[in-house]
1. Among PHE225, PHE198, which comes first, second and so on when ranked by fewest other beta-carbon atoms within 10 Å?
2. Count neighbours as other Cβ atoms within 10 Å of each site's Cβ, and list the trypsin sites (Lys or Arg not before Pro) in the stretch 1-107 that are DSSP loop with at most 11 such neighbours.
3. Given the DSSP H assignment, sum -39500 (n - 2.57) over each helix run of at least 4 residues in the chain and divide by its residue total; what's the result at 222 nm in deg cm²/dmol, nearest 500?
4. Please compute the alpha carbon radius of gyration of the chain, then divide it by the globular-protein estimate 2.2 N^0.38 Å. Two decimals is fine.
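Just so you know, all these numbers are worked out from the coordinates, no wet-lab data involved. Only a predicted model underlies this, so the values are computations on that prediction, with no experimental measurement involved. Glycine also receives a Cβ, built like all others from the backbone with ideal geometry; neighbour counts cover every protein chain displayed.
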Amino acid sequence: MAATPHSVEFIDSGRYPLHDPGLAAYAALLVSASGEYRETGCCVLPGFVMPGALAQIVVDCDTVASLGFRQPARRGPLVVPYDVIPLASPLRRLYEWDAVTRLVAGVIGAPAVFRSADPLGALNIDVMTEGDELAWHLDRDAVSVVLVIQDAIEGGGFEYLLPSDEDAEDIGINPLIAGDTSARLCTDAPAPGALMIFDGRRLLHHVTAVHGPRPRYRATFAYDFAPGAAISDAERLDRYGRLPSPGRRG
């Protein structure tokens, strides 16, 4: 989707001038963000989404949360698929904005990344309520991009493992598989509105148990290094409990 004035207005364009990659401020943003990503495997852009847009995203999450699916016998999040997220939602507009895709590529140092072509998995909302937690795992996407939308009253902490200092230059080493008992536990707790760009395909991570009446909302933006990426029908049934509905776009 081409950039629109509404897409620009959803973010703090003073701090994050995505609308004009020719600006010196944009180049400085990439230098800072990519350096953080290379060093720790996780880049956090605080206050990325403006308060008004974030408030609307929370409303949208409240509206579609009941449409999420939880894999049986697990206490992971309810996962709300792409095709039920409202077309006019700032969340969907941001994911479909080419400027955000370009930013992600620049931060991770890739020539390009491409939005997923999957009708269910391209953009998801993760809904975690009382007792939900997410076990240690690795992601399948080229890079994990998460918008922090709403925190729970208690818990829901995001933690990940980095290798020991001797191996810090290669964050791709999986500490548990490598038997590295000195791996460093890192915790990131950015405030709602932050965008996180994380090397989730190579760094083990989990989310601690959620407690309290307020749901924890996160949106995950799916990207790949080649266009047209999608998951299989078997994976869709496992993750969403259904297949795409013809013509449904939210």
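1. PHE225, PHE198
2. Passing both the DSSP loop test and the Cβ count: ARG74.
3. -7000 deg cm²/dmol
4. Normalised by 2.2 N^0.38 Å, the Cα Rg of the chain equals 0.98.
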